[in-house]
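Contents: one structure, followed by commentary.
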Amino acid sequence: MGTAEMMMAAWLLSAKWLLASAGSVAVGLLAWLLLSGAAQAWPALRTRRGVWLAAQAVIAAAALLPLLPRSPHVAPQIELAMAPAIPTTAVPHVTGAEAATHGSTELERANAAAPAHDTPPLAHADTDASGSAALDNTASLAAQAPTPRLARTLPLLAAIWLLAYVAGLAWSIAKLLRARRLWRGLLTSAQRFTPAELQANPAFTPEQRHQITQRGLTVMRTDAAVSPMLIGVLRPVLLLPAHLDALTREQQQMIVAHELHHWRVRDPLCLAIAATLQTVFWFNPVLRWMAKQMEWALELQCDQHVLTGRPQHQRKQYAASLLQQWTAPMGVAAFNGATITARIRHMQKSSLPTLSTAATWITASVLTSVLVAGVMLQPALALTAPPMAVAAPLPAAEAWRAPLDKVRVTSFYGVKRSVPRTPHKGIDFGAAKGTPVHATAGGTVIAAGPIAENDGKYGNTVIIEHGAQRSLYAHLNSVSVKPGQRVQAGQLIGAVGETGLATGPHLHLEVRQNGQNIDPATMFTNLDAYATARALKVRRQQLPSKE
């Protein structure tokens with residue numbers, strides 16, 4: 001991988017990484033503002049766990065959007081404008097169909113009228129109005145490309161953020177592990193209720209005992225001063241503290257009913273999802289706020305389930321038991337005194353506020369709109385992070401020409417031949433021994449004569465550097481230039497031969513951009529018109545995508 005490709009890859013990864021984090025926070029703030037306003041209009045929203053769980057899922061999805069594959073419909077010229085600038089002297093390839101669309105210059109029309117194989121393929125330079133406008137537009141877009149300083153700074157910022165994220169993630173995971181050890185320690189020291197003890201315990205009604213036995217819920221008793229709780233996600237354990245014995249029978253049964261409702265509606269799973277999202281996106285404070293809103297809704301729904309249809313004196317007993325649990329040394333840490341007071345106020349009501357059908361649909365539309373906004377924003381932002389590929393070469397003043405005066409293509413790029421069996425790295429031009437070979441473009445000669453590359457199989461070789469690109473001319477019979485010499489397009493550089501590993505006299509031409517081989521055909525116009533029938537057939541059989 002060349003330096004430019006490495007820069008492009010680092011720029012891409014850093015941009016996507018920063019977008020994932022920034023997108024999560026931005027969408028979270030938007031969702032928070034919209035839901036806060038909606039909750040002011042419809043207080044019933046605060047009592048619906050599904051709303052807050054869905055909001056957390058939307059924020060997580062928005063964080064993942066920039067990491068998804070790019071849309072193939074993104075305009076390539078915009079992508080070029082946002083990509084790091086890569087200097088080059090090559091002009092983009094224009095196919096015959098494109099030339100027909102844009103119009104032809106007088107030189108192209110002359111080339112089309114000339115006999116086949118007598119005139120080299122013309123370099124792809126559109127000089128008509130449409131072509132000039134396209135090149136001017138591309139040049140204008142290229143001027144907007146990030147500076148080299150920005151291209152270096154962005155990966156550095158991403159690396160710093162990566163270190164900070166990993167440190168924060170490790171800290172969040174450590175918190176989860178500490179909590180897990182605490183709960184596991186409580187279970188280790190607790191005693192499991194036997195079926196006989198369960199039947200004799202006044203804290204359970206006959207219906208509750210039946211549910212516990214039928215669905216296989218494990219119930220344990222601990223001497224620790226904790227609140228009643230469910231520990232675990234898939235197979236939770238109901239842990240009851242010994243201090244519940246000091247409460248009345250009715251109070252104990254209502255507390256157990258509260259925890260069993262959590263169990264039946266799978267609230268532990270909702271809490272586990274929220275905890276996972278808070279751990280992964282620890283830098284997003286909105287997720288913590290929404291998780292607290294969800295926990296609040298879970299408790300209110302369980303309170304209301306327990307108190308539905310009960311007389312006022314039982315509601316007061318339930319509220320008193322709640323206050324006693326909150327004052328326990330390891331009580332409900334997620335709720336402070338103000339929250340407990342608000343829960344008690346809700347207990348005085350006969351039911352929770354209802355959410356109208358219109359409010360439900362509007363809330364769903366709000367969350368959907370937030371997610372859609374993230375989806376629509378992702379391709380636009382992703383334009384700052386083009387895919388890892390060789391950037392399209394920018395137009396230059398000097399165009400490429402054919403290396404021979406009479407062109408006959410005998411083998412295309414990428415096809416496999418009998419010797420060797422590896423894919424062809426260039427294009428072969430058939431010609432008699434001694435045929436003059438010309439430079440395809442102006443540049444500096446960096447090698448001339450036998451070279452060690454490819455175990456000497458190239459024979460006498462000339463390599464010319466053209467900015468970010470290099471052209472290689474192999475198997476030459478003789479060389480007419482020296483390393484360090486400046487040459488112009490069309491200047492004589494050697495003669496066709498069969499030195500090195502060659503089955504007959506021909507010119508092997510390779511083009512390398514930023515250290516990587518590319519198809520030389522992209523540098524010329526319609527080489528197919530100068531190819532032999534066999535060369536076209538082999539390419540059609542082996543590389544149908546090229547046809």
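The values are calculated or read from the model by the stated rules, or taken from the named source; none is laboratory data. None of the values given here were measured: they were computed from a predicted structure. Because the Cβ atoms are built from the backbone with ideal geometry, glycine has one as well, and the counts that use them run over all protein chains shown.
Tabulated data for the structure shown
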quantity: Filter result (exposed (fewer than 12 other Cβ atoms within 10 Å of the Cβ) and either part of a helix (DSSP H, G or I) or aromatic (F, W, Y) (or both)) within region 187-209; calculated: T188, S189, P195, A196, A200, P206, E207
quantity: Selection from region 234-271 of residues that are in a helix (DSSP H, G or I), within 47 Å of the chain's Cα centre (by Cα) and farther than 22 Å from R184 by Cβ; calculated: I255, V256, A257, H258, L260, H261, R264
quantity: Total residues in region 314-339, condition part of a helix (DSSP H, G or I), closer than 20 Å to Q253 by Cα and at pLDDT below 65; calculated: 1
quantity: Selected residue (criterion: surrounded by the most Cβ atoms within 10 Å (Cβ to Cβ)) from residues of region 276-290 that are under 19 Å from the mean Cα position of the chain (by Cα) and not in a loop (DSSP other than H, G, I, E, B); calculated: L277
quantity: Of the criteria (1) within 15 Å of H424 (Cα to Cα); (2) surrounded by fewer than 15 Cβ atoms within 10 Å (Cβ to Cβ), which one P483 fails; calculated: (1)
quantity: Residue match in region 502-510 (condition: touching a residue at least 12 places away in the same chain (Cβ under 8 Å), under 14 Å from H424 (Cα atoms) and charged (D, E, K, R)); calculated: yes
quantity: Single residue of region 446-467 satisfying the filter (of a type outside the set (G, A, S) and crowded, with 20+ Cβ neighbours inside 10 Å) that is nearest to the chain's Cα centre (by Cα); calculated: H466
quantity: Residue among G467, G490 that is more than 20 Å from F429 (Cβ to Cβ) and not aliphatic (A, V, I, L, M); calculated: G467
quantity: Any hit, region 447-457, residues being farther than 15 Å from E510 by Cβ, free of Cβ contacts under 8 Å to residues at least 24 places away in the same chain, assigned to a loop (DSSP other than H, G, I, E, B) and not polar (S, T, N, Q); calculated: yes
quantity: Out of L476, L536, L501, sole residue that is assigned to a loop (DSSP other than H, G, I, E, B) and of a type in the set (A, V, I, L, M, F, W, C); calculated: L501
quantity: Qualifying residue in region 520-543 (condition: at pLDDT 90 or above and closer than 19 Å to G443 by Cβ); calculated: yes
quantity: Filter pass, I212 being in contact with a Ser or Thr (Cβ under 7 Å, 6 or more places away or on another chain) and surrounded by 15 or more Cβ atoms within 10 Å (Cβ to Cβ); calculated: no
quantity: Filter result (closer than 17 Å to W52 by Cβ, charged (D, E, K, R) and surrounded by 17 or more Cβ atoms within 10 Å (Cβ to Cβ)) within region 241-275; calculated: D267
quantity: Test set (1) within 27 Å of K546 (Cα to Cα); (2) touching a residue at least 40 places away in the same chain (Cβ under 8 Å); (3) in the same structural domain as Q542 (by TED's automatic domain parsing) - N460 fails condition number; calculated: (1)
quantity: Answer residue from region 415-429, given it is in contact with a His (Cβ under 7 Å, 6 or more places away or on another chain) and at pLDDT 90 or above and is surrounded by the most Cβ atoms within 10 Å (Cβ to Cβ) among those; calculated: F429
quantity: Test: residue in region 430-439 that is in contact (Cβ under 8 Å) with a residue 60 or more places away in the chain, small (G, A, S) and crowded, with 19+ Cβ neighbours inside 10 Å; calculated: yes
quantity: Elements of type helices (runs of 4 or more DSSP H) in region 1-91, at least 3 residues being modelled with pLDDT of 65 or more and either out of contact with any strand residue (DSSP E or B) (no Cβ under 9 Å at 6 or more places or on another chain) or polar (S, T, N, Q) (or both); calculated: 3-41, 49-64
